[in-house]
């Protein structure tokens, strides 16, 4: 909610070009961002046993990588200016370089909190970072700093995050050591990092292409539609995925519990994502007017065209928990090496037609890849095809009914009302019909009540 509120405010205080300028830099430096952990946080969480010497050595490796990435970003600044023909990018890039050092300082401390499954503490840290960076960004925007307010948000968050995780873990890294068993960890982390790199390039190349060939305004509008589509789902997958990955790593030697836990998390992600997909597809006009404002009306069609990607990622992304938690990172990398070129090819096909063409190509390719990717991910694991179908059938059928009813209400009953009222009535119809179908017609009420009971029981002190 805080991120959505920030988006609403900044969309009214800043211009599309401001967002486009920062997106030109972050679309490229985001590649460096993948290397900030070097996959070593995943190693710390995934390993059944890990020593203090190993974590200390990983900490200093992360610091070295952060320093290297900061230097590379500084060197990249004039290159970006020449590539995009935008002089303002020089100082934006230089300012963002320092963020890599602050991020690197907290990687292992954050991983230790996840390994200890201290998710309440991590949630408080995230909220503190977001609140502080939001206050700084909005304050700068009100004072007329323009795109620098977005840079301020990007820099404040890692400073506060690293400081908080250091304070909560009470862990001080020792000196780096050789011969403590980090070689295999580096190999695992390297594979995870390469997988993340391939995935990032596949899912972000269109922003570089749009910025280069269609300019800052086109990229700014596409970027806000993309953010509106991804904001709730990214947070949802991050919240559930962080818990699920840590738990699955602890359960990898207990197949029945592992299977049950994965399927519950998978079903929960899909059930919570489908209403977002329906809202973006059917209520796009009112969403953009209410959330972003009238000057972003060109984002409406892009929001609708990108909506299928929400469902595609909800169906595919949870399988990354499965593969990485059982150590099958090489398979995850191979899947990424297949997906990325296909998605990039779809961008190029749509690029001559501008942001709309790119959005169509992106959504079409991701939709076509759903079934083959799921089949490849689950092959040879404890998850079978029937398991997947049983998990996805109730939300999908409930979504179809909710889509039909919401479309009918939107077309025939609420025309002529204000955008806010239309959004409230349309979203209300969708949520009520979806939950009614899911909980009662599909008989999922007990499933979700059991989840709530488990959460409440685990929260009670022993």
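Given (1) modelled with pLDDT under 85; (2) assigned to a helix (DSSP H, G or I), where does residue 225 come up short, assuming only one miss? With (1) modelled with pLDDT under 85; (2) assigned to a helix (DSSP H, G or I) applied to residue 225, the lone miss is (1).
For the range 283-362, the helices (runs of 4 or more DSSP H) that sit wholly inside it and include 1 or more residues that are under 17 Å from residue 207 (Cα atoms) and in the same structural domain as residue 380 (by TED's automatic domain parsing) are 299-316, 329-350. Residues in the range 150-188 that are more than 18 Å from residue 52 (Cβ to Cβ), touching a helix residue (DSSP H, G or I) at 6+ places or on another chain (Cβ under 9 Å) and not assigned by TED's automatic domain parsing to the domain that holds residue 95: 188 only. The set of residues in the range 433-445 being in a helix (DSSP H, G or I) and more than 27 Å from the chain's Cα centre (by Cα) consists of 433, 436, 437, 439, 440, 441, 445. For the range 410-426, taking the residues that are without any contact (Cβ under 8 Å) to a residue 24 or more places away in the chain and within 29 Å of the chain's Cα centre (by Cα), the one that is surrounded by the fewest Cβ atoms within 10 Å (Cβ to Cβ) is identified as 424. Is there a residue in the range 366-373 that is closer than 30 Å to residue 217 by Cα and touching a helix residue (DSSP H, G or I) at 6+ places or on another chain (Cβ under 8 Å)? Yes; the residues of the range 366-373 include at least one that is closer than 30 Å to residue 217 by Cα and touching a helix residue (DSSP H, G or I) at 6+ places or on another chain (Cβ under 8 Å). Flag not set for residue 263, criterion: buried (at least 19 other Cβ atoms within 10 Å of the Cβ), touching a helix residue (DSSP H, G or I) at 6+ places or on another chain (Cβ under 8 Å) and either closer than 23 Å to residue 112 by Cβ or in the same structural domain as residue 397 (by TED's automatic domain parsing) (or both).
Here's the yes/no breakdown for (1) modelled with pLDDT of 95 or more; (2) in a loop (DSSP other than H, G, I, E, B); (3) out of contact with any strand residue (DSSP E or B) (no Cβ under 9 Å at 6 or more places or on another chain); (4) over 19 Å from residue 270 (Cα atoms):
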residue	(1), (2), (3), (4)
403	no, no, yes, no
414	no, yes, yes, yes
420	no, no, yes, yes
427	no, no, yes, no
450	no, no, yes, no
461	no, yes, yes, yes
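For the range 244-257, the condition of being in contact with a helix residue (DSSP H, G or I) (Cβ under 7 Å, 6 or more places away or on another chain) and part of a loop (DSSP other than H, G, I, E, B) holds for at least one residue. Scanning the range 374-383 for residues that are outside any helix (DSSP H, G or I) and out of contact with any helix residue (DSSP H, G or I) (no Cβ under 7 Å at 6 or more places or on another chain) returns 379, 380.
The values are calculated or read from the model by the stated rules, or taken from the named source; none is laboratory data. Remember, it's a predicted structure, so these values are computed and weren't measured experimentally. Ideal geometry is used to build each Cβ from the backbone, glycine not excepted, and the neighbour counts take in all protein chains shown.
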